[in-house]
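See structure below.
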Ligand SMILES: [Zn+2]
């Protein structure tokens, strides 16, 4: 297994696993490697030595188990890339997330990307009011 850092034509960076170097070349030429953020297939390899791990270490200990550890790792790579983009393009409003999201939705605050935390009740209330928001799933490293 070889892990590559990849970037698309829009500059999104993400990681993906391939069986071999040749496997990456074949898949990218066939347009089978797509950016998880914008689905661009113009993918370039980041200039970095690929990390090679033994099959035993592919799945982080604290990750949820699935039938296919490789699919799980690919999923985690996509989540990491997504989370990184959110982090870099949003304002942290902490526990005031629900209030701020509501204000932005009803035009009482400046429209911008925000992130923060909310309780389950707050999230449910936001959904009922039709305020759009997303939930970032916790990654294994967040739980450690
Ligand atoms: Zn992209």
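The values are calculated or read from the model by the stated rules, or taken from the named source; none is laboratory data. The structure presented is a predicted model; accordingly, all values stated were derived computationally and were not measured. Using ideal geometry, Cβ is built from the backbone for each residue, glycine included, and neighbour counts are taken over all protein chains shown.
Name the single residue that is surrounded by the fewest Cβ atoms within 10 Å (Cβ to Cβ) among those in segment 10-30 being part of a loop (DSSP other than H, G, I, E, B) and away from the ligand (no atom under 14 Å from the Cβ).
The initial filter retains those residues of segment 10-30 that are part of a loop (DSSP other than H, G, I, E, B), namely 10-12, 19-20, 30.
Filter again for away from the ligand (no atom under 14 Å from the Cβ), leaving 19-20, 30.
Numbers: 19: 12, 20: 12, 30: 9.
Filtering first and then ranking leaves 30.
Would it be correct to say that residue 49 is at pLDDT below 80 and surrounded by 15 or more Cβ atoms within 10 Å (Cβ to Cβ)? Even if it seems obvious, please write down each step before you answer.
On the way: at pLDDT below 80: yes; surrounded by 15 or more Cβ atoms within 10 Å (Cβ to Cβ): no.
So residue 49 fails the test.
Six or more apart or on different chains, Cβ atoms under 9 Å: show the pairs whose first residue is in segment 24-35 and closer than 19 Å to residue 1 by Cα and whose second is part of a loop (DSSP other than H, G, I, E, B) and at pLDDT 90 or above.
24/33; 26/32; 27/33; 28/41; 32/41; 33/41; 34/40; 34/41
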